[in-house]
1. For the range 216-297, which helices (runs of 4 or more DSSP H) that fit wholly inside it have 2 or more residues that are at pLDDT 75 or above and surrounded by 17 or more Cβ atoms within 10 Å (Cβ to Cβ)?
2. Here is a list: PRO331, PRO338. Which entry is surrounded by fewer than 19 Cβ atoms within 10 Å (Cβ to Cβ), of a type outside the set (A, V, I, L, M) and at pLDDT below 90?
3. Only one of PHE394, PHE350 is open to solvent by less than 40 Å² (accessible area, probe 1.4 Å) and either of a type in the set (A, V, I, L, M, F, W, C) or touching a residue at least 60 places away in the same chain (Cβ under 8 Å) (or both); which?
4. What are the pairs with Cβ atoms under 7 angstrom where one residue, in the range 301-320, is closer than 15 Å to ASP363 by Cβ and the other, located anywhere, is surrounded by fewer than 20 Cβ atoms within 10 Å (Cβ to Cβ) and of a type in the set (Lys, Arg)? Sequence gap at least six, or different chains.
5. Determine which single condition HIS576 fails, assuming it passes every other condition in (1) at pLDDT 85 or above; (2) not in a loop (DSSP other than H, G, I, E, B).
6. Hey, among the residues in the range 413-445 that are part of a helix (DSSP H, G or I), among the polar types (S, T, N, Q) and surrounded by 19 or more Cβ atoms within 10 Å (Cβ to Cβ), which one's modelled with the highest pLDDT?
7. Looking only at the range 514-563, count every residue that is open to solvent by 70 Å² or more (accessible area, probe 1.4 Å) and in a helix (DSSP H, G or I) and tell me the total.
8. Determine if the range 438-445 includes at least one residue that is over 27 Å from TRP328 (Cα atoms) and either free of Cβ contacts under 8 Å to residues at least 60 places away in the same chain or in contact with a His (Cβ under 9 Å, 6 or more places away or on another chain) (or both).
Amino acid sequence: MRGFIEELRYRNVFRVAIAYIVAGWLVAQVADLAADAFNAPDWFMQMLIVVLLLGLPVALFLAWAYELTPEGVKLAKDLPADTPKDPRSKKTLNRITLVALVIAVAALGWDKLQRPAAESSPEPASAVVDKSIAVLPFADFSPDSDHAWFADGLTDEILNALARTRDLRVASRTSAFAYRDSDKDAKAIAAELDVAHILEGSVRRAGDRIRVTAQLIRASDDAHLWSETYDASSDDSIDIQERIAFEIASLLDTAMDPEELRRMVAAGTESIAAWELFVQLRELTIRILDEVDLAAAAEQLRLYENIIREDPEFAEAHLLFATIVYGWMSPANMTAAPADLSETELQDIFAAASASAMRYARDDDSKLGAEIIRARAQMRLTDIVELTRAQLEFHPYERDFWVDHISALIEVSRFDDARSFIDEAVAHDFENNDQMSNFYAIVTRLDLEAGLAGAERMLALPSPAAGDYYQIHRILLYGDRVKEAADIGQRYIDSADDPTWKLMVRIRQACAEGRVADADKLYADFDFSPYSIENNNIQWLALKTLGRVEEAQAVLQPLDRPEFLGRLIQLLSYTHFDPAPYSNLTRHLEELGVMRHEVASLSFACQRAASTPPGQWIIGFMYDDTKQEEGRPLNRLDLDAVSTEHPIMVGHRGEHGYIRYSDPNPITFSTTI
């Protein structure tokens, strides 16, 4: 009589178990690859694993209950105890197990060769790691491809977390997202972005289940340093973004404290629904700024209302929306409020959002952000200087916060302090290229040399964005580099959609080239009716650039009222804005102890005859009629466009001159030498 264990061995139950486990593992690996290749739903792998697990006891039962004999398979209980064992059963099971093990070892070896760095021992402490990375937009592999917003939002959360890591250089969002759907390999992209590592991934969402796949690639040898697949419910999406950011920071051996990193990337809400709506709102806001979609404001309002319905205490959402509404109320921003909102309703929405942002702020940094936006709405300019300086302590490596503080100093006309701070900012090592265009635009207002150096640096980037070209064009014109600016301006016009910014580029270039009539025509042909002065300063900027100063001042007069003063005051960030013609604004500045004694000029503005006293001559040289679009010489009507109150002489390059006095009869003469 055999014991139980001996009986199990005799009936090959152990051999069957080993063979089944090895073969089942191979089946699962092959199925997982096939599932990814064919975009199988998440439940496919779950169902397969359940079936394989349920099959194990069935296989063991069959091994116990049946026996392979020379006469075939028979029930073990029907065989005499002394029936000899058929040697084929052991050999067959041994062969199955051996073949499965060989395949398994080969698969593991292949995987190790594909990812040598992931399985190798850690680098010695003395090894130097190039701590630079680009986070490419995660692909949307959802069945209906309708969750790109979720994939972009997840990418942004990871990118923002890594960008705030003190000793990690991260390629900007604009540069990285330019490679969406690119067919370039990781090595080529990394070379163009000047980074050592690439993080790429994908998101697949079906119902309440998500699969996020991420992999870190070292560009120098295309080695996969790390990869992971996260299968979870949508409720775990916040945890996934935290884990990915933490893994990358750890692998690149950054100085970020783990707990600080986790707090930094936390979404600020326990409601997944609220977080997903917040991501949609943030992505929509970024798109609006890139594309200037004036019709999207109603969608922003709808998303915000849905967010606070899910989580009324979501501080980051309140702060984001308060910032959006403040932009709606600003003539310096290219956004506008929904058309059906009155001024009173707009003010009430802003007050509620900013108050909630303050009430539910999670930390001192968030409280400062909420207090700054409220101080701006309340026109507390001197307070803003101190608040932005305090907030900079929390964000020393983010240019946006330096820009905020420099702008605050300019608004209170502390130009010398702003210049000192610009010197410090330009020398600062930001370790990334984020927000360079806004940074150097504000720098140029007080330090042209530093601004021009910044323009050169932006042009050296692999893929400057349209907004970069816009700012570079203006900086080059300030530096009187008119020909270079013409090329950059055309690049902007070719790549941008916003008609108002295109208009400004064309007017600036025409004025810088002395084509006053062309610049005036551009202005006259443009339809300004969709752009209210309460929400958009494009008409004022155009008139200032055209040199029509009195008209520019008149355009802004409707804002010099108590209900709109907060909008007018924002223009103080322009060093060429003169508050003197606006009595209410001037009175408010005097109450704050703010005086603007220094008003800058626009060096590239159109030079107009109106600045010359009537009756005095206007003389031009080297006129070339071959450059005229009409292909003809100048006539009286052309000169009328310049002035009807001044005698004008235009010297031709061929030594012919045309003179026109203020009467309608031109006097023409020619000279031959």
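1. In the range 216-297, 237-251, 272-291 are the helices (runs of 4 or more DSSP H) which contain 2 or more residues that are at pLDDT 75 or above and surrounded by 17 or more Cβ atoms within 10 Å (Cβ to Cβ).
2. PRO338
3. Exactly one residue qualifies, and that residue is PHE350.
4. Sorted first by the residue in the range 301-320, then by its partner, the pairs are ALA315/ARG362.
5. Single failed check for HIS576: (2).
6. Checking each candidate, the answer is THR444.
7. So the count comes out to 6.
8. No; the residues of the range 438-445 include none that is over 27 Å from TRP328 (Cα atoms) and either free of Cβ contacts under 8 Å to residues at least 60 places away in the same chain or in contact with a His (Cβ under 9 Å, 6 or more places away or on another chain) (or both).
The values are calculated or read from the model by the stated rules, or taken from the named source; none is laboratory data. What you see is a predicted model, and the numbers here were worked out from it, not measured in a lab. In this analysis, Cβ positions are derived from the backbone assuming ideal geometry, glycine residues included, and neighbour counts consider all displayed protein chains. For the accessible areas, the whole protein counts, side chains as well, though only heavy atoms, and no ligand, DNA or RNA atoms are used. Shrake-Rupley method; radii C 1.70, N 1.55, O 1.52, S 1.80 Å.
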